[in-house]
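The values are calculated or read from the model by the stated rules, or taken from the named source; none is laboratory data. None of these values were measured; they are calculated from a predicted model. Cβ atoms come from the backbone with ideal geometry, glycine included; neighbour counts cover every protein chain shown.
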């Protein structure tokens with residue numbers, strides 16, 4: 001696990017750049033200092049994030065505003081329940097759950113009183129590493145099957161207070177892997193380790209396999225992503241029925257064509 005240390009420090013910045021996975025200390029943000037002593041820092045260029053639609057860290061961007069609104073509503077639900085973990089799923093593939101997971105994690109990490117851990121548990125179609133253009137050789141499956149220490153699998157994409165646990169190669173044994181005692185123990189540990197950390201799990205589609213239902217009993221809550229014009233009404237209804245017992249806190253309508261549904265506004269600042 002990475003070592004995170006909070007400290008009041010106004011002395012400036014202590015920062016070394018990397019693209020090849022070297023370790024470094026993170027810069028001081030406000031008065032909250034995080035120091036990664038084991039987690040590799042592999043910076044994702046802003047242009048690459050934008051190309052991959054990971055936009056939650058951008059300023060003066062209407063899509064980033066929408067993710068910030070999502071963050072506020074999710075955090076309200078989590079705080080009300082005393083929860084720190086959330087699984088994000090969809091009815092089927094290709095509806096934007098991984099992109100929602102990544103942007104929500106980035107947005108939460110921007111809050112100075114929270115850090116975020118983004119975990120790729122979609123072992124059949126892992127995609128989180130692609131969104132951050134991460135090319136490191138290690139992934140979750142190395143930790144599960146090859147006894148690789150977790151700190152060698154985690155990475156920080158150059159975004160303060162955000163750590164990512166990427167998936168490995170696609171696996172047809174995902175259900176067995178997610179149900180293994182090692183994954184259950186990992187899930188419990190990463191959720192319990194830091195009270196101020198929010199853990200976001202990118203889960204497989206809930207109607208495609210039983211993978212999501214395997215891991216959801218160990219999480220505090222869940223969120224359903226639905227793509228307008230793609231998900232069928234009966235599929236959404238069935239997914240809600242399945243997720244309701246796992247503290248379903250809401251639904252994200254992705255790719256909405258309703259111009260009045262976007263959370264954005266135009267002022268002279270924009």
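Restricting the stretch 210-227 to residues that are touching a strand residue (DSSP E or B) at 6+ places or on another chain (Cβ under 6 Å) and assigned to a loop (DSSP other than H, G, I, E, B), the residue that is farthest from residue 75 (Cα to Cα) is 219. Pairs, please: C-beta under 9 Å, at least 6 apart or cross-chain, first residue over 20 Å from residue 92 (Cα atoms) and in the stretch 243-270, second surrounded by fewer than 12 Cβ atoms within 10 Å (Cβ to Cβ) and modelled with pLDDT of 55 or more? If the second residue must be surrounded by fewer than 12 Cβ atoms within 10 Å (Cβ to Cβ) and modelled with pLDDT of 55 or more, the pairs left are 269/60; 270/60. Listed conditions (1) modelled with pLDDT under 95; (2) out of contact with any strand residue (DSSP E or B) (no Cβ under 7 Å at 6 or more places or on another chain); (3) under 26 Å from residue 71 (Cα atoms) are all met by residue 131, apart from (1).
The set of residues from the stretch 85-99 being surrounded by fewer than 22 Cβ atoms within 10 Å (Cβ to Cβ) and in contact with a strand residue (DSSP E or B) (Cβ under 7 Å, 6 or more places away or on another chain) comprises just one member, 96. Cβ-Cβ contacts under 8 Å between residues 6 or more apart (or on different chains), taken from a first residue in the stretch 226-237 that is on the phi > 0 side of the Ramachandran plot and at pLDDT 85 or above to a second residue that is surrounded by 17 or more Cβ atoms within 10 Å (Cβ to Cβ) and not in a loop (DSSP other than H, G, I, E, B), are absent. Counting only residues that are on the phi > 0 side of the Ramachandran plot and not in a loop (DSSP other than H, G, I, E, B), the stretch 93-119 holds 0 of them. Please find, within the stretch 136-151, the residue that is nearest to residue 222 (Cα to Cα) out of those that are in contact (Cβ under 8 Å) with a residue 60 or more places away in the chain and touching a helix residue (DSSP H, G or I) at 6+ places or on another chain (Cβ under 8 Å). Taking the candidates together, the pick is 150. Restricting attention to the stretch 188-205, which residues are crowded, with 20+ Cβ neighbours inside 10 Å and part of a helix (DSSP H, G or I)? 190, 191 - these are the residues of the stretch 188-205 that are crowded, with 20+ Cβ neighbours inside 10 Å and part of a helix (DSSP H, G or I). Quick check on the stretch 23-41. Is at least one of its residues assigned to a helix (DSSP H, G or I) and either modelled with pLDDT of 50 or more or under 27 Å from residue 97 (Cβ atoms) (or both)? No: zero hits.
Of the helices (runs of 4 or more DSSP H) lying entirely inside the stretch 120-181, those carrying at least 1 residues that are crowded, with 19+ Cβ neighbours inside 10 Å and more than 15 Å from the chain's Cα centre (by Cα) are 140-145, 174-178.
For residue 207, the requirement of being in contact with a helix residue (DSSP H, G or I) (Cβ under 7 Å, 6 or more places away or on another chain) and under 23 Å from residue 78 (Cβ atoms) is not met.
For the stretch 85-92, the criterion of being at pLDDT below 50 and assigned to a loop (DSSP other than H, G, I, E, B) is met by no residue.
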